[in-house]
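Below is one structure, written out as structure tokens; the observations come after it.
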There are 2 protein chains.
Amino acid sequence: MAITVVGSVAFDTIETPAGKRERCLGGAATYFSLAASYFTDVRVIAVVGEDFGRRQEAVFQAHKVDTRGIERAPGKSFFWEGSYLENLNEAKTHNTELNVFAAFEPKIPEAYGDSEFLFLANIDPVLQRRVREAMPGVKLVAGDTMNYWIKDHRPALLEVLKGLDILLINDTETKMLAGNNNLVQAARGVLALGPKALVVKHGEYGATLFRAAASSDEAARTFRAPALPLEEVIDPTGAGDSFAGGFFGYLASQPEQTPAAWRSAMFYGSVMGSFACERFGTERLQQLTRQEIDKRFNLFRELTHLG
Amino acid sequence: MAITVVGSVAFDTIETPAGKRERCLGGAATYFSLAASYFTDVRVIAVVGEDFGRRQEAVFQAHKVDTRGIERAPGKSFFWEGSYLENLNEAKTHNTELNVFAAFEPKIPEAYGDSEFLFLANIDPVLQRRVREAMPGVKLVAGDTMNYWIKDHRPALLEVLKGLDILLINDTETKMLAGNNNLVQAARGVLALGPKALVVKHGEYGATLFRAAASSDEAARTFRAPALPLEEVIDPTGAGDSFAGGFFGYLASQPEQTPAAWRSAMFYGSVMGSFACERFGTERLQQLTRQEIDKRFNLFRELTHLG
């Protein structure tokens with residue numbers, strides 16, 4: 001089933017211990033789309049500037065991602081510059097230019113109307129909510145956010161959370177959102193705000209799924225997926241969005257969202273996150289095969305299963 | 001098969017957000033012994049002072065831990081005082097009094113001579129090596145160390161590493177020991193120093209087993225065990241030693257150290273580490289049943305297996 005994703009399509013200048021790339025294609029919606037495209041049809045809603053040309057467009061087309069919802073506006077695309085020189089787990093932002101993104105008004109192509117899955121990537125919660133409300137027919141809605149919205153735009157964010165099936169954020173964001181330093185308690189606090197499920201991304205340590213209390217069986221509600229211990233992290237940019245793409249893409253590809261499907265989705269999320277780190281920007285995500293993905297899925301199983 | 005463990009038996013004063021305990025029974029060898037005692041026979045080599053009385057002795061006896069190797073010396077036992085008020089993952093040390101431990105000369109009772117398993121808990125590597133050499137008949141030797149020995153006693157530590165089958169340390173120690181900030185590369189660097197296997201403990205994120213390259217099958221050599229997301233961490237003191245006790249105790253209880261046994265051992269390590277955090281000091285470790293342990297083992301399987 002098709003996923004519509006709304007979020008940023010951007011240019012990133014990234015420096016890591018492995019080197020530097022100038023203005024490579026980035027943005028949460030880009031990473032998400034490419035990762036999810038290996039599992040299901042993806043449709044993007046975003047805004048780009050005049051610097052977004054045929055080469056960038058071709059990246060989406062090569063993965064059959066529907067770009068009719070990517071609006072071209074006068075000016076430049078969202079631009080981010082950051083580095084991971086001291087700590088590969090945390091980006092240091094050197095420059096953020098919102099450019100055309102500052103006035104982003106998501107427009108949903110009519111052709112996207114039958115999407116059953118919706119992913120609200122990390123953007124202003126006011127826009128997330130607007131898109132959510134404009135697509136009342138969707139079956140499952142997942143979303144992301146970040147510390148900025150949690151701290152300074154809480155009321156708008158709380159409105160979004162009420163309408164979410166799945167929220168995907170990291171440890172720090174979970175604790176900040178719940179105002180609680182214990183992860184399990186914080187997860188419960190976040191679930192009380194509306195989302196039926198919470199995926200907490202732990203970076204190099206994997207991710208944990210917490211589901212709201214549909215049963216009293218705690219074990220059935222919590223699931224932990226590993227991350228692959230990577231010998232070389234070239235560039236962690238977009239790993240979280242790639243996780244979301246693999247996770248939600250796999251869920252959307254399944255006839256039913258059974259507990260087993262959720263578990264596999266967590267693994268596929270981790271798999272796509274690990275691939276994303278292996279090259280700069282979206283380079284690795286652009287060149288995968290489903291066979292490679294499933295091979296790594298099996299490696300993750302080997303890595304964690306008692307056998 | 002019996003394990004001999006050499007290490008500290010101490011008194012700890014611990015403060016955490018959950019409260020404070022004065023002078024509770026602690027020390028690496030204590031946590032290790034109690035955790036391992038649920039799986040196999042354990043024999044301790046340590047030194048204590050006159051403050052170690054019948055009540056402390058009874059804790060070991062209740063778990064059939066052989067204490068003939070615990071020497072009573074004039075003076076006071078090793079004492080540590082620390083808190084975890086700001087960060088439950090890292091102790092802040094307020095006071096360390098070595099006391100009788102300062103002149104510790106491990107003496108190995110003759111009755112320990114047939115131990116097939118030896119655990120060198122975190123003590124001066126010179127003493128670790130002495131015990132190792134005094135027990136040439138052991139089949140499998142595991143050990144722990146810490147940043148202090150890595151930084152300031154490297155030559156002595158390197159000698160110990162050459163004779164180790166398994167080293168159990170945390171992320172920071174692994175990276176420091178190898179002088180490499182990438183965990184996988186650092187693990188390989190540590191394995192090159194001698195140990196045939198390395199268990200890196202990630203605290204609340206579980207632990208990863210790296211085995212030396214006996215085969216070219218990377219997956220068969222790396223294994224990741226989760227930690228239970230705990231709703232309430234009362235006191236993380238001794239969690240790492242409890243992990244080691246569960247891990248090594250289970251391995252020692254098996255007729256053969258098959259790959260499957262190593263995997264289960266990683267899970268039992270995580271299980272015992274999680275129990276240790278649930279109460280102050282060794283309180284929880286003192287009152288477990290094998291049934292509770294296996295129930296949690298199954299919960300860990302549920303938590304991580306695709307099913």
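Just so it is clear, none of the values below were taken in a lab; they were calculated from the coordinates. No experiment lies behind these values; they were computed from the predicted model shown. Counting neighbours? That spans all protein chains shown, and the Cβs are built from the backbone with ideal geometry, glycine included.
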In sequence order, calculated HN-Hα J values of the stretch B:187-194 (Karplus, 6.51, -1.76, 1.60; Hz; x Gly/Pro): 4, 4, x, 5, 4, 5, 7, x
Along Cα→Cβ at 7 Å, what distances in nm separate the B:Glu278 label point from those on the other copies, shortest first? 4.0
Which of rounded, prolate or oblate describes chain A when judged by the alpha-carbon gyration tensor and an a/c cut-off of 1.5? rounded
List, shortest first and in nm to one decimal, how far the label point of B:His305 (7 Å from Cα along Cα→Cβ) is from its counterparts in the other copies. 1.0
Show me B:267-280, A:107-120, B:75-88 ranked by packing, highest mean number of other Cβ atoms within 10 Å first. B:267-280, A:107-120, B:75-88
Among the aspartates and glutamates, select those whose C-alpha is under 13 Å from the C-alpha of A:Lys76, and discard any that sit fewer than 8 residues away in the same chain. A:Asp12, A:Glu50, A:Asp51, A:Glu97
Once the label point is placed 7 Å from Cα along Cβ, list for B:Ala260 the distances to the corresponding points in the other copies, in nm, shortest first. 2.2
Straight-line reach from A:Lys162: which lysines fall under 27 Å, measuring Cα to Cα and dropping same-chain residues less than 8 apart? A:Lys107, A:Lys139, A:Lys151, A:Lys175, A:Lys196, A:Lys201
Add -39500 (n - 2.57) for each DSSP H run of 4 or more in chain A, then divide by its residues: what number comes out at 222 nm, to the nearest 500 deg cm²/dmol? -11000 deg cm²/dmol
In the B-onto-A rotation, chain B's nearest residue to the axis by C-beta, with distance in whole Å, turns out to be B:Tyr205, 2
With the contact rule set at Cα under 8 Å and sequence spacing of 6 or more, what percent relative contact order holds for the stretch A:151-221? 28
Expressed as a rounded percentage, what relative contact order does chain B have, with Cα pairs under 8 Å and six or more residues apart? 18
Per-residue Cβ counts within 10 Å, from other chains only, averaged over B:229-238: what number is that? 3
